[in-house]
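Heads up, the thing below is written out as structure tokens.
What follows is calculated from the coordinates using simple rules that are stated; it is not laboratory data. Note that the structure is predicted; figures quoted are calculated from it, not measured. Every residue, glycine among them, receives a Cβ derived from its backbone with ideal geometry; neighbour counts consider all protein chains shown.
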Amino acid sequence: QVQLEESGGGLVQPGGSLTLSCVASGSTDSLHVMGWYRQAPGKQREMVAAVSLSGYTNYADSVKGRFTASRDFAERGVYLEMTSLKPDDTAVYYCNAQKYADTYWGQGTQVTVSS
């Protein structure tokens, strides 16, 4: 089993920045992909960014150029640096990890972009 613990959500004004952190514990060997998803009210959960073991990162088109995801393999963490935030970025952000056929989720952290 893998446990994921997120931190760093909160309220930020449009144009502001926020960084999310997620640390994995438990059976953390061979986490092929770690990344972030988000779910806004009334919408489906969507992929925001995903980082592979090789460091290759895939981003949703809506966040390219504004968000940067990274992994710290020693600390078993994944981070999401968010800049130029927009009200449309308001959502619950979930840390995600994939290990072979299994998918793991964090409990989610709320990000609200509002003036």
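Structural remarks
- For the chain, the spread of Cα positions along each principal axis, largest first, Å: 41, 25, 23
- Whole-angstrom gap from the range 1-15 to the range 23-92, using each part's C-alpha centre: 10
- For the chain, a crude dipole built from +1 on the beta carbon of Lys and Arg and -1 on the beta carbon of Asp and Glu, taken about the Cα centre, is about 220 debye to the nearest 20.
- In the range 9-55, the convex hull through the Cα atoms has an average projected area of 4.9 nm², a quarter of its surface area.
- In loop segments of the range 46-97 as defined by DSSP, the trypsin sites (Lys or Arg not before Pro) with at most 12 further C-beta atoms inside 10 Å of their C-beta are Lys64.
- Candidate aspartates and glutamates - alpha carbon under 18 Å from Lys86, same-chain residues fewer than 8 apart omitted: Glu46, Asp61
- Cα-Cα pairs of the range 60-115 separated by more than 12 Å (percent): 74
- With at most 16 neighbouring Cβ atoms within 10 Å, loop chymotrypsin sites (Phe, Trp or Tyr not before Pro) (DSSP) excluded, longest segment of the chain: 1-55
- FRET efficiency, Thr83 to Ser30 (Cβ-Cβ, R0 35 Å, nearest 0.05): 0.65
- The 3J(HN,Hα) values that the Karplus relation (6.51, -1.76, 1.60; θ = phi - 60°) gives for the range 4-20 are, in residue order, 10, 10, 9, 7, x, x, x, 9, 9, 7, x, x, x, 10, 7, 10, 9 Hz. Gly and Pro appear as x.
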